[in-house]
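In what follows, a single structure is set out as structure tokens and then discussed.
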Amino acid sequence: MKGFVFDLDGVITDTAKYHYEAWKALADKLGIEIDLKFNEQLKGISRMDSLERILAHGNKQDQYSQAQKEALAAEKNEAYVQLLQNLTPDDLLPGVKDFLLEAKAKNMPCAIASASKNAPFILEKLEVIDLFDAIVDPATLSKGKPDPEIFVKAAQSIGITPEEAIGFEDAQAGIAGIKACGMYAIGILAGEPLDQANQTVHTLSELNMNELIAL
Ligand code: B16
Ligand code: MG
């Protein structure tokens, strides 16, 4: 293997709780009830697709114009970005910093394949942005996960093919995208089992860098 491709939320840090808090405030305002179980569906899904799912969940998908939906998504993002202000390097998931440092020492390039438009800001707050060689801009994508496009672009951005990369994901939609382009998938387990992953772990500390390179 010649490089690594990382999802952000659920792999590098856990911002799902902040997404949930911000979506819940908006859903409450719209008279739609969402809970933590429903929130699982939003993991790895883009901001607009998340809003569509919430509106459909409340049977309100036809009640807003495109411009109104964009305003609602922007309102959620403002609340979310406010919550992100508190992020520090302590919010890195266990084993992440050591894994990234070891990858750098072994000349294994690392890319971010996150649906989040806030990825550069989050990586700066976590003080790991310099450990990544590329961040795919989700605004350039024509399709979201589970489409493999983001993972193909991530491999390209570090000069390797998907078959030469190992992809890390915590969401089923992401694992499906990784596998659909022939990349090796490592699932990060938080609760629900992940189908299709080549391996699953709870934290990156469980992995041996030399074994991964030799795959
Ligand atoms: P933003 P990932 C995803 O991050 C989140 O899991 C998902 O809940 C969120 O809607 C999406 O990013 C878009 O985020 O609103 O910040 O652009 O798991 O792909 O790293
Ligand atoms: Mg994720």
Report summary line: Sole miss for Gly44 among (1) crowded, with 19+ Cβ neighbours inside 10 Å; (2) without any contact (Cβ under 8 Å) to a residue 60 or more places away in the chain; (3) in a loop (DSSP other than H, G, I, E, B) is condition (2)
Report summary line: For region 51-77, pairs from a residue that is closer than 11 Å to Leu30 by Cα to a residue that is within 16 Å of ligand 2 (Cβ to nearest atom), with Cβ under 9 Å and 6 or more apart or across chains, are Ile54/Trp23; Ile54/Leu42
Query raised in the report: Among the numbered criteria (1) surrounded by fewer than 16 Cβ atoms within 10 Å (Cβ to Cβ); (2) more than 20 Å from Leu101 (Cβ to Cβ), which single criterion is violated by Leu194?
Result: (1)
Requested in this report: Determine whether region 62-69 contains at least one residue that is within 24 Å of Leu141 (Cβ to Cβ), within 19 Å of the chain's Cα centre (by Cα) and of a type in the set (A, V, I, L, M).
Outcome: no
Query - Residues that are in contact (Cβ under 8 Å) with a residue 40 or more places away in the chain and outside any loop (DSSP other than H, G, I, E, B), drawn from region 195-209 - result: Leu204, Ser205, Glu206, Met209
Requested in this report: For Gly187, state whether it is closer than 22 Å to Ala16 by Cα, assigned to a strand (DSSP E or B) and under 16 Å from the mean Cα position of the chain (by Cα).
Outcome: yes
Query raised in the report: Is it fair to say Lys153 is within 16 Å of ligand 1 (Cβ to nearest atom) and in a loop (DSSP other than H, G, I, E, B)?
Result: no
Query raised in the report: Can you name the residue in region 129-143 that is outside any strand (DSSP E or B) and in contact with a helix residue (DSSP H, G or I) (Cβ under 6 Å, 6 or more places away or on another chain) and, of all such residues, is farthest from Arg47 (Cα to Cα)?
Result: Leu131
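Read-outs: derived from the displayed coordinates by stated rules, not from any lab. Here the structure is a predicted model, which is why all the values come from computation and not from measurement. All Cβ positions, glycine included, derive from the backbone under ideal geometry; neighbour counts span all protein chains shown.
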